[in-house]
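Structure, as structure tokens:
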Amino acid sequence: MLNSIKQRKVQERSKLGVTGVAFNEERQVYKAYTCVGGKYIHLGYFDTLEEARVAAGKGRVEALKKLINKLNEELKRLEEE
């Protein structure tokens, strides 16, 4: 799962060419998101593509941190058994 988050590439069908960003036609804003363990996490709406790109990148970093912490806790628990 760690590699799938870290090595995420832009989908060929992406109209924007930015991983984790989509344009919301109805609201006329950019939506930032990330995906962890098959679940999408909404990161917010932004006026510019650049703002959404930065938010998506930060969201991926935070998702990785949470995953690493969870794995470390699980490792500690297993070592204590």
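For Lys65, the aspartates and glutamates whose Cα comes closer than 18 Å to its Cα, not counting residues fewer than 8 places off in the same chain, are Glu73, Glu74.
Scanning residues 5 or more positions from Gly44 or on other chains, those with amide H under 5 Å from its amide H are Ala32, with H placed 1.01 Å from N in the peptide plane.
Values quoted throughout were computed directly from the atomic coordinates according to the rules given, and no laboratory measurement underlies them. This structure is a prediction, so every number in the text was calculated from the model and none was measured.
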